[in-house]
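What follows is a short report on a single structure.
Taken together, the values in this text are just the output of simple stated rules run on the coordinates, not laboratory data. The structure displayed is predicted, hence computed values, not measured ones. So basically every Cβ, Gly included, is an ideal-geometry build from the backbone, and we count neighbours across all protein chains shown.
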Amino acid sequence: MDNNRQIEQDSQPPPSLPANARLPINRCNLPAVILGSLTFQEHPVALEIDGIRDFHADLFRALETLPEQPDRAQRFMDYMTVRFLLEELEGAGLTPGRKRKSRANANYLRMVRGWSFDSDGREGAVLKRWVESRFGLLARHHAGSLIDRHGDAYQDYVLQGARGLYATNALEAQLDLLYTYCQYELPREYPETSHLRLYRGINRIDEHEVLERRVCGRHRVLLNNLNSFTSNRERADEFGDYILVAEVPLSKIFFSNRLLPGMLKGEDEYVVIGGAYEVCISTI
């Protein structure tokens with residue numbers, strides 16, 4: 001009987017989200033163990049950061065009156081500028097006479113631009129730390145593996161994130177609203193759609209943590225807590241010998257450059273919240 005029990009245990013599927021990849025609490029309507037699971041990828045629901053939609057209800061009521069997406073994007077950016085005093089830093093608490101450059105640049109647009117330039121830089125650390133606190137998904141890589149929480153790579157990651165947030169003007173709150181705006185726009189752009197097929201160029205599957213290898217080039221993998229994908233397959237081919245293809249829930253798209261036309265480059269880039277995913281690896 002003991003042998004049968006061991007066989008049954010060995011045949012069980014691997015956990016979709018390991019315990020060391022998540023926090024027990026977050027600031028979202030679902031815990032990390034659910035939103036980071038394979039089941040969520042297959043059957044997603046809306047994700048909401050606690051209180052953000054209600055706190056900024058005036059913005060979303062105003063957006064409802066604008067039928068064109070570029071107009072809504074402009075209203076959103078205007079709201080961000082006024083709400084967070086992005087052009088009036090002394091009103092936000094900056095001491096007159098102090099250097100303005102670092103604080104002026106540390107806003108939501110700088111974070112997204114910095115991510116596109118180097119996801120392992122300071123802006124990338126800020127964004128990954130934000131995902132940890134809001135969604136409870138721990139970063140797995142930042143200029144090196146972060147699995148060893150006592151290692152140099154992890155300590156550098158924490159330090160970069162702290163420095164990126166220091167003396168900024170409610171930067172995490174800006175990111176909360178950026179994600180919430182994205183989640184408002186995506187269902188309007190893709191009505192009656194729960195997923196987008198997105199692509200990521202890789203050189204080998206071992207760049208990601210493989211939970212299970214399946215047939216026909218399919219794998220169950222644990223992605224970093226924040227990742228760059230593209231909607232353009234040919235574009236993905238420029239970044240690796242293989243193409244990782246994923247059906248990404250709309251609710252796990254943190255940001256798409258096309259949502260702020262004219263403000264950011266690479267309009268086919270999507271920044272995706274991680275967790276466990278079933279993906280296909282292709283060379284074509």
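Some observations on this one:
- Sum of -39500 (n - 2.57) over DSSP H runs of 4+, divided by residues of the chain (222 nm, nearest 500): -11500 deg cm²/dmol
- Under the combined filter of DSSP loop state and at most 15 neighbouring Cβ atoms within 10 Å, segment 118-194 retains these chymotrypsin sites (Phe, Trp or Tyr not before Pro): Tyr166.
- Nearest-20 debye value, the chain charge dipole, Cβ charges on Lys, Arg, Asp, Glu: 660
- Overall form of segment 221-284: oblate. Here a/c, set by the Cα gyration tensor axes a ≥ b ≥ c, is 1.5 or more, and a/b is not larger than b/c.
- Taking a ≥ b ≥ c as the square roots of the eigenvalues of the Cα gyration tensor, an a/c ratio of 1.5 or more together with a/b no larger than b/c marks segment 21-189 as oblate.
- Options [x] 130, 39, 23; [y] 73, 45, 38; [z] 66, 45, 33 - which one matches Cα extents along the principal axes in Å as calculated here: [y]
- Nearest 10 degrees, 0 to 90: helix 108-117 Cα axis against the chain principal axis: 50
- Using θ = phi - 60° and Karplus 6.51 cos²θ - 1.76 cosθ + 1.60, couplings along segment 200-210 (whole Hz; Gly, Pro as x): 9, x, 9, 9, 7, 5, 5, 5, 10, 7, 8
- Point-to-point label distance, Arg83-Glu192, nm (Cα→Cβ direction, 7 Å offset): 3.2
- Approximate spin-label separation Asp156-Glu207, in nm, with each point projected 7 Å along Cα-to-Cβ: 1.9
- Per DSSP, loop trypsin sites (Lys or Arg not before Pro) in segment 234-284 with at most 14 further Cβ within 10 Å: Lys265
- For the chain, with +1 on Lys and Arg beta carbons and -1 on Asp and Glu, the positive-most of Gln69, Thr193, Val245 along the dipole: Gln69
- On Cα atoms only, tilt of 152-165 relative to the major axis of the chain in degrees: 30
- Sparse-neighbourhood loop sites, GluC sites (Glu not before Pro) in segment 16-81 - DSSP loop, at most 14 other Cβ within 10 angstrom: Glu68
- Applied to segment 244-254, the Karplus parametrisation 6.51 cos²θ - 1.76 cosθ + 1.60 on θ = phi - 60° returns per-residue 3J(HN,Hα) values of 8, 10, 9, 8, 9, x, 4, 5, 9, 8, 6 Hz, with x for Gly and Pro.
- Put a plus charge on the Cβ of each Lys and Arg, a minus charge on the Cβ of each Asp and Glu, and nothing anywhere else: the dipole of segment 148-284 about its Cα centre is then about 200 debye.
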